[in-house]
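Single-structure report; data block below.
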Amino acid sequence: MERVEVVGPNTLVLRTRQLGPNSWCCDVYRREIPAGGETFILEGFGESEIEALGMAMYDADH
């Protein structure tokens, strides 16, 4: 799944993927406007998709 979030001056792209039955990863990219390119920032992991999204957003904030 892909989500696009605007956080302050940054446009973040969040892509989740399931690694196993109880293992999810969320990759976070910064989208460059207006160029349209993306820069990888970090990845977060969790036992569910929502937990992986939450961990990635928490880590992106710190």
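A search for C-beta distances below 8 Å between a residue of segment 45-61 that is more than 18 Å from Val6 (Cα to Cα) and among the β-branched types (Val, Ile, Thr) and any residue that is modelled with pLDDT under 95 and open to solvent by 50 Å² or more (accessible area, probe 1.4 Å), counting only pairs 6+ apart in sequence or on different chains, returns nothing. Among the conditions (1) in contact with a Ser or Thr (Cβ under 7 Å, 6 or more places away or on another chain); (2) touching a residue at least 24 places away in the same chain (Cβ under 8 Å); (3) of a type in the set (Val, Ile, Thr), the only one that Val13 does not satisfy is (1).
Among all residues of segment 21-30, there is none that is free of Cβ contacts under 8 Å to residues at least 24 places away in the same chain, open to solvent by less than 50 Å² (accessible area, probe 1.4 Å) and not aliphatic (A, V, I, L, M). Each residue in segment 1-37 was checked for being charged (D, E, K, R) and over 17 Å from Met57 (Cα atoms), and 1 of them qualify. Selection over segment 31-46 of residues that are open to solvent by 70 Å² or more (accessible area, probe 1.4 Å) and β-branched (Val, Ile, Thr) gives a count of 1.
The values are calculated or read from the model by the stated rules, or taken from the named source; none is laboratory data. Quantities reported herein were computed from a predicted structural model and do not represent experimental measurements. For neighbour counting, all protein chains shown are included, and Cβ atoms are generated from backbone atoms with ideal geometry for every residue, glycine included. What goes into the accessible areas is simple: the full protein's heavy atoms, side chains included, and nothing from ligands, DNA or RNA. Shrake-Rupley method; radii C 1.70, N 1.55, O 1.52, S 1.80 Å.
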